[in-house]
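Let me begin by presenting the structure, written as structure tokens, before commenting on it.
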Amino acid sequence: MKKIASFTVNHNVLPKGMYTSRVDGDVVTYDVRMKKPNGGDYLPNAAMHTIEHLFATYARNTRYEDQIIYVGPMGCRTGFYFLVRDTVCPQAAIGLVRDAMAFIAAYEGEIPGVSARECGNCAEHDLAGAKAVASDMAQVLRGWNTEQLIYPESFL
């Protein structure tokens, strides 16, 4: 089988950040790396689950709600995939993720979709952990620009 594009990125040198993973027609996939791959520090499941609920809810309640395709965690627990229509310009995508992280970092209250009726693992959430990860990621993305979305040659 052919190697998929994301496996051609050297994860040993990939820092935290936001990167354009692929473009498929009118869908753009961003890798939102919240932890350094293979760094020994990964997203705890409960915090990751809470980030998923808050990130997806936030993104789908912005002016871009109809352009959001998917928000979901990476299996390696180093970040999230963020898929949008190409009508969301790259700078707006960065801003949306940065704003979502700030929203999560400051969030107080009940986690959206947390009841047993709404969630398949409602007991596994960690708001404090999610807030800590999101606060760190908001700092990583402070000043992030469209040039930084492109994987440098040294990452390939």
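Give the list, by residue number, of cysteines in the chain with no other Cys Cβ closer than 4.7 Å, or say none.
Lacking a cysteine Cβ partner under 4.7 Å: C76, C89.
Between K3 and D24, 0.36 nm times their residue separation minus their Cα-Cα distance comes to what?
Net length gain for the segment: 5.9 nm.
With a Förster radius of 30 Å, plug the Cβ-Cβ distance of D66 and A106 into 1/(1 + (r/R0)^6) and report the FRET value to the nearest 0.05.
0.75
Based on other C-beta atoms within 10 Å, arrange V28, V140 from fewest to most.
In increasing order of surrounding Cβ atoms, one gets V140, V28.
Using θ = phi - 60° and the Karplus relation 6.51 cos²θ - 1.76 cosθ + 1.60, list the HN-Hα couplings for segment 19-25 in order, rounded to whole Hz, with x at every Gly or Pro.
9, 7, 7, 6, 10, 10, x
Please give the contour-minus-distance gain from D41 to E118: 0.36 nm per residue of separation, less the Cα-Cα distance, rounded to one decimal in nm.
The span from D41 to E118 would gain 24.8 nm if fully extended.
If you average the sequence gap of Cα pairs under 8 Å that are 6 or more apart and divide by the length of segment 17-141, what percent do you get for the contact order?
Once normalised by length, the contact order is 31 percent.
Charges on Cβ only, +1 for Lys and Arg, -1 for Asp and Glu, centred on the Cα centroid of the chain; of A134, F7, I94, which one is farthest towards the dipole's positive end?
Highest projection toward the positive end goes to F7.
Please identify every one of the trypsin sites (Lys or Arg not before Pro) in segment 1-52 that sits in a loop by DSSP and has no more than 11 other beta carbons within 10 Å of its own beta carbon.
When the trypsin sites (Lys or Arg not before Pro) of segment 1-52 are filtered for loop state and at most 11 Cβ neighbours within 10 Å, K2, K3 remain.
Aspartates and glutamates within cross-link reach of K2: Cα-Cα under 18 Å, excluding same-chain residues under 8 positions apart?
Excluding near neighbours in sequence, the set is D24.
Grab the beta carbon distance between V13 and R85, set R0 = 30 Å, and tell me the FRET efficiency rounded to 0.05.
Here the calculated transfer efficiency is 0.45.
Students often forget the sequence filter, so: which aspartates and glutamates lie under 12 Å Cα-Cα from K35 once same-chain residues fewer than 8 apart are removed?
D136
Please work out the Kirkwood hydrodynamic radius for the chain, using every pair of different C-alpha atoms, and report it in angstroms with one decimal place.
It works out to 15.9 Å.
Every number here is computed from the coordinates shown, using simple stated rules; none is lab data. The structure displayed is predicted, hence computed values, not measured ones. FYI the Cβ positions are ideal-geometry reconstructions off the backbone, even for glycines, and counts take in every protein chain you see.
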